[in-house]
Amino acid sequence: MTFVACPLAISGFCATLCCMKLVLSTHKVTLTDGLNEHVRLCIDKLDHQETHALKAFVNLERDHKGVPEKQYTCTMKLALPGQNVVARDAESDLYAAIDLVTKKIQAQLRKRHNKFKSRNHKVAASAKQALQAIAA
């Protein structure tokens with residue numbers, strides 16, 4: 001089952017950088033309104049942190065043959081300009097798996113943001129030193 005959601009897609013405003021597209025698919029899991037809302041809230045958190053994200057792919061699975069402690073698996077992929085961000089977690093509770101995957105994605109986005117900031121800071125600092133050397 002695949003579900004594509006965007007709150008403003010009906011009005012046509014979605015294509016103008018307002019929010020990312022959510023593609024939610026399930027395998028051997030019934031998609032309830034509660035699950036749908038929980039995933040949407042987690043994606044909204046990520047959308048608030050990374051505004052350049054284009055799409056979010058969320059896959060919810062249930063493994064009936066594996067270890068019962070890690071029965072539910074959640075995989076999340078964020079399509080960004082450049083490299084994509086991917087995280088996966090397996091737990092006995094599906095909601096806990098979704099929360100942990102969201103935390104992993106947030107940590108990766110934070111690391112990516114800090115990396116870009118430090119790179120830009122180094123470029124600006126070296127340019128400032130070069131200007132000071134020319135002026136002196």
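The values are calculated or read from the model by the stated rules, or taken from the named source; none is laboratory data. Keep in mind the model is a prediction, meaning the values are calculated, not measured. FYI the Cβ positions are ideal-geometry reconstructions off the backbone, even for glycines, and counts take in every protein chain you see.
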### Query
Looking only at residues in the stretch 34-54 that are among the aliphatic types (A, V, I, L, M) and assigned to a helix (DSSP H, G or I), which one is farthest from Gln108 (Cα to Cα)?
Leu35
#### Entry: Output for the stretch 105-133, where each listed residue is closer than 30 Å to Glu61 by Cα and without any contact (Cβ under 8 Å) to a residue 24 or more places away in the chain
Ala107, Gln108, Lys111
### Among residues of the stretch 90-136, those that are under 30 Å from Gly34 (Cα atoms) and either assigned to a helix (DSSP H, G or I) or of a type in the set (Lys, Arg) (or both), counted
17
#### Entry: Test: residue in the stretch 84-96 that is exposed (fewer than 13 other Cβ atoms within 10 Å of the Cβ), free of Cβ contacts under 8 Å to residues at least 12 places away in the same chain and not acidic (Asp, Glu)
no
#### Entry: Residue tally, condition assigned to a loop (DSSP other than H, G, I, E, B) and either touching a Leu at 6+ places or on another chain (Cβ under 7 Å) or polar (S, T, N, Q) (or both), over the stretch 55-79
1
#### Entry: Residue identified as at pLDDT below 95 and within 30 Å of Phe116 (Cα to Cα) among His52, His64
His52
### Task
Of the conditions (1) surrounded by 16 or more Cβ atoms within 10 Å (Cβ to Cβ); (2) touching a helix residue (DSSP H, G or I) at 6+ places or on another chain (Cβ under 6 Å); (3) not basic (Lys, Arg), Gln49 clears all except one; give me its number.
(1)
